[in-house]
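The values are calculated or read from the model by the stated rules, or taken from the named source; none is laboratory data. From a predicted model like this one, the values you see are computed outputs, not experimental measurements. Quick note on the areas: whole protein, heavy atoms, side chains included, nothing else; ligands and nucleic acids left out. Shrake-Rupley method; radii C 1.70, N 1.55, O 1.52, S 1.80 Å.
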Amino acid sequence: MRTAMVRAAHVLTPTVTRYWISPPPGGERLPVAVPGRHVTLRVGPRVKTFTVVAADEDGYELAIRNRHQGDRRDHLSPRLHVGAPVRVSAPSGRFTAEHSAPFTHFLAAGVGVNPVLAVLDGGRLRGWRLVYVDRGAAEFPFLGRLRELAREQDGTVVTLDTETEGRPDWAEVVTAIPVGAVIGVCGPPAMVAAVRAAVDEVPGARQLITDGPAGGTADMPRAVEVECVKTGVTFEAAQHQPLLDALNRNGVAVPSSCRQGICGTCEVEVRAGRIDHRDEVLTDEEKAESGYMLPCVSKSIGRRLVLNV
């Protein structure tokens, strides 16, 4: 990783801020980045990966979501102020404006829209359609720019607010996409996995290109014994269903909202067990530690899980 600093910051939505990351005065230039690629930031002890929204010889522009403002475990935002030192990795990834796929449809959730914006900004595509999912009417970063691109490129942007409309039925969304379409999917791993499952189940061939790992349960146990410390409840949960639903069915009330691993409302403490994290709330470091999980989307890797609920 190379040394860098926050050159500027601009609030986009109540939970998303745009940051410009540049070398410090007299420092070495950052590696050349193509918009849509990823970089990993280390800010103090925190480590997390983000999409490059724009880049030039002075550095990178990143759009970062923080839903834990004021929380003791507030992730990166409190440390990301103008002038703050950071460490940044070399860019990687292939979901960029240079991608060769003739995309016709995009499905994006939260800041997963950033790579889609990079592809569309390349100006190569025409007649595309984007289904854009987020939580709250004041969210949807870059929506204005996406609508502007839609006007220029004969595209269509459809927004779905999970706060008022609930989470999408991805099978229904995929069914509405014509057979033979090339679909670009960007979002939390749980959302990508749900779309992949829908594409596999809905009749007709559609090509799916993702911005990251899809996740899955093939190498996991079919059921998990879940012990809840605070409530004294122990039960068996099937892996093909959300753990959040199993908790609520067994009398363990866990608040939730987006149910897509975006908002962080259902976060619970893990006392024992290894987790397949599929959210976009926890940092990479927190996921490695598996001290917390979002049961709406994440899964247990082992046969036993102990939660502090």
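Sorted by accessible area with a 1.4 angstrom probe, largest first, how do Val233, Val88 fall? Intermediate results must be reported in sequence, preceding the final value.
On the way: Val233 40, Val88 5 Å².
Descending order: Val233, Val88.
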Using modelled amide H (1.01 Å from N, peptide plane; none on Pro or chain starts), what sits under 5 Å from the amide H of Thr231, excluding residues fewer than 5 places away?
-> Val309
Which length gain, in nm to one decimal place, applies between His81 and Glu152 when the Cα-Cα distance is subtracted from 0.36 nm times their residue separation?
-> 22.1 nm
Would you list Phe142, Phe95 from the most to the least accessible area, probe 1.4 Å?
-> Phe142, Phe95
Per residue of region 175-182, in order, report the coupling 6.51 cos²θ - 1.76 cosθ + 1.60 (Karplus, θ = phi - 60°) as ³J(HN,Hα) in whole Hz, putting x for Gly and Pro.
-> 4, 6, 8, x, 4, x, 5, 9
Excluding ligands and nucleic acids, what accessible area in Å² is computed for Met1 using a 1.4 Å probe, to the nearest 10?
-> 100
Which ³J(HN,Hα) values in Hz, rounded to whole numbers, follow from the phi angles of region 148-157 under the Karplus curve 6.51 cos²θ - 1.76 cosθ + 1.60, where θ = phi - 60° and Gly and Pro get x?
-> 5, 5, 4, 5, 6, 10, 6, x, 9, 10
Extent of the chain along each principal axis, from alpha carbon coordinates, in Å, largest to smallest?
-> 56, 49, 34
Long-range amide H partners of Leu282, meaning residues 5 or more apart or on another chain whose placed amide H is closer than 5 Å, are none
Arrange the residues Trp20, Trp128 by how much accessible surface each exposes, largest first, with a 1.4 angstrom probe.
-> Trp20, Trp128
Using DSSP, restrict attention to beta bridges with both residues in region 145-248 and report what percent are antiparallel, rounded to the nearest 5.
-> 60
For Ser256, tell me the accessible area in Å² from a 1.4 Å probe, rounded to the nearest 10.
-> 50
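Counting only DSSP beta bridges with both residues in the chain, what percent are antiparallel, rounded to the nearest 5? Present the calculation step by step, with values, prior to reporting the outcome.
Numbers: 41 of 64 bridges.
Roughly 65 percent of the DSSP beta bridges within the chain come out antiparallel.
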Name the lysines eligible as straight-distance cross-link partners of Lys230: C-alpha to C-alpha under 28 Å, and not fewer than 8 places from it in the same chain.
-> Lys287, Lys299
For the chain, what is the calculated [θ] at 222 nm in deg cm²/dmol (nearest 500), taking -39500 (n - 2.57) for each run of four or more DSSP H residues and dividing by its residue count?
-> -5000 deg cm²/dmol
Taking H as built 1.01 Å from N, whose amide H comes closer than 5 Å to the amide H of Met5, not counting residues under 5 places away?
-> Ser22, Val86
In Hz, Karplus ³J(HN,Hα) per residue of region 292-309 (6.51, -1.76, 1.60; θ = phi - 60°; x = Gly, Pro) | 9, 8, 10, x, 5, 10, 7, 10, 8, 7, x, 7, 9, 9, 10, 10, 8, 10
If you find the alpha carbon centre of region 236-300 and of region 131-204, how far apart are they in angstrom?
-> 23
Carbon/sulfur accessible area of the chain, % of total, 1.4 Å probe, equals 48
Rounded to two decimals, the Rg over Rh value of region 228-286 from Cα coordinates and the Kirkwood Rh reads 0.93
